[in-house]
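First comes the structure, then the notes that go with it.
The values are calculated or read from the model by the stated rules, or taken from the named source; none is laboratory data. No experiment lies behind these values; they were computed from the predicted model shown. Virtual Cβ from ideal backbone geometry, glycine too; neighbours counted across all protein chains shown. Side chains are part of the model used for accessible areas, which takes the heavy atoms of the whole protein and leaves out ligands, DNA and RNA. Shrake-Rupley method; radii C 1.70, N 1.55, O 1.52, S 1.80 Å.
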Amino acid sequence: MATPIPEKTLGERLRDHGLSRRGFLKLCAATASMMALPASMVPRIAAALEQARRPSVIWLSFQECTGCTESLTRSHAPTLEDLILKMVSLDYHHTLQAAAGEAAEEARLQAMEANAGEYLVIVDGSIPGPDANPGFSTVAGQSNYDILMETVEHAAAVIAVGTCAAFGGLPQARPNPTGAMSVMDLVKDKPVINVSGCPPVPMVITGVLAHYLTFGRLPDLDAYGRPMAFFGQSIHDRCYRRPFYDKGLFAESFDDQGAKEGWCLYRLGCKGPTTYNACATMKWNGGTSWPIESGHPCLGCSEPSFWDGGGFYEPVSVPLTANAGTLLTAGAVGAVVGGGSAALAKHGVKKADAERQPVTIDELEQTQ
Ligand code: FSX
């Protein structure tokens, strides 16, 4: 019997694709930045990625709108092409795979068998639970629930991408007609990491994969199972409109003078104070903009309470800081003058920013 040819290391694959040493270091620097790691980590990332082998990834899509995959295709650092061709072996994905029908299902089963105990399962969309009508949502005649449980059985870990998979999302909103459940409601014996957002920030999806590839483990998580590097601070704490909030300057309607001056959108229902995500720093569409920069309040799409937690345009009760637990009513918000900088300092924003100061590629090459 022929000896199987081992999969090439990532370093070998990158060289096969014509990537120079300098280009490789740029990729590592971008990866460090994406994972919110200091530049001093780049040599370690380079050494790890050089020797890494691409993990098999099986991506399952259930009750969702395909916005999560649409978001993934807009990742720019790394691009989707970089991710698929160089970093992971994407062995099954409804929207992106070339195979169809029985060949597609066969590819999933083969990937599971060949990589038992080592493959990653990514899920987008919620799942009608075990007590729901199995006909609510099926793929290849199999219920979503059966496919999920069959596929995760020998997985190393599961990544729930999007608020539907992480917390139930839109399909689970009242009255939840399909009995929709989240991945962590159903998968209890595997590590589950939640990358919430409706849709999630694309570089957060690729960042989690890059972290796994680099360090061989999943990143540190918050109380909702989300990676701290991306969900560790509220939208409010990183919002460029925060100085207006601290001065009590609020837009009262979408076309008043305050809106034109770019004042805080809190009174128009912004959920930034209670929402944790990386939108304010990573932005969207290649770093072009994000909802608040476009003049619209944050809807809080990365939180479990997204759909049933109150009106999109109703002001929230605001915690003064994420850790203080002090709730302010809407009327008291304007009095919080000067609290913002203290809160920012408390969250270590300046320190984190300082650690993320860029270093030049020439400097990095000298450390190799
Ligand atoms: Fe849900 Fe994603 Fe919102 Fe849509 O797959 S998180 S409805 S962007 O597509 O699942």
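Pro199 fulfils the conditions (1) open to solvent by 40 Å² or more (accessible area, probe 1.4 Å); (2) more than 15 Å from the ligand (Cβ to nearest atom) except for a single criterion, (2). So, Val208, is that one among the aliphatic types (A, V, I, L, M), open to solvent by less than 10 Å² (accessible area, probe 1.4 Å) and over 23 Å from Tyr119 (Cβ atoms) or not? Against the criterion (among the aliphatic types (A, V, I, L, M), open to solvent by less than 10 Å² (accessible area, probe 1.4 Å) and over 23 Å from Tyr119 (Cβ atoms)), Val208 does not qualify. If you scan the range 49-60, which residues turn out to be open to solvent by 30 Å² or more (accessible area, probe 1.4 Å) and over 26 Å from His94 (Cα atoms)? Glu50, Gln51 - these are the residues of the range 49-60 that are open to solvent by 30 Å² or more (accessible area, probe 1.4 Å) and over 26 Å from His94 (Cα atoms). Counting only helices (runs of 4 or more DSSP H) that fall entirely inside the range 65-184 and contain at least 2 residues that are open to solvent by 50 Å² or more (accessible area, probe 1.4 Å) and within 14 Å of the ligand (Cβ to nearest atom), the qualifying elements are 169-172. Quick check, is Phe215 assigned by TED's automatic domain parsing to the domain that holds Gly162, open to solvent by 10 Å² or more (accessible area, probe 1.4 Å), more than 16 Å from the ligand (Cβ to nearest atom) and of a type in the set (A, V, I, L, M, F, W, C)? Judged against the criteria, Phe215 is a match. Restricting attention to the range 237-266, the residues that are open to solvent by 20 Å² or more (accessible area, probe 1.4 Å), assigned to a helix (DSSP H, G or I) and free of Cβ contacts under 8 Å to residues at least 60 places away in the same chain add up to 5.
Inside the range 267-316, can you point out the residues that are among the polar types (S, T, N, Q), in contact with an Asp or Glu (Cβ under 7 Å, 6 or more places away or on another chain) and assigned to a loop (DSSP other than H, G, I, E, B)?
Residue satisfying the conditions is Thr275 alone.
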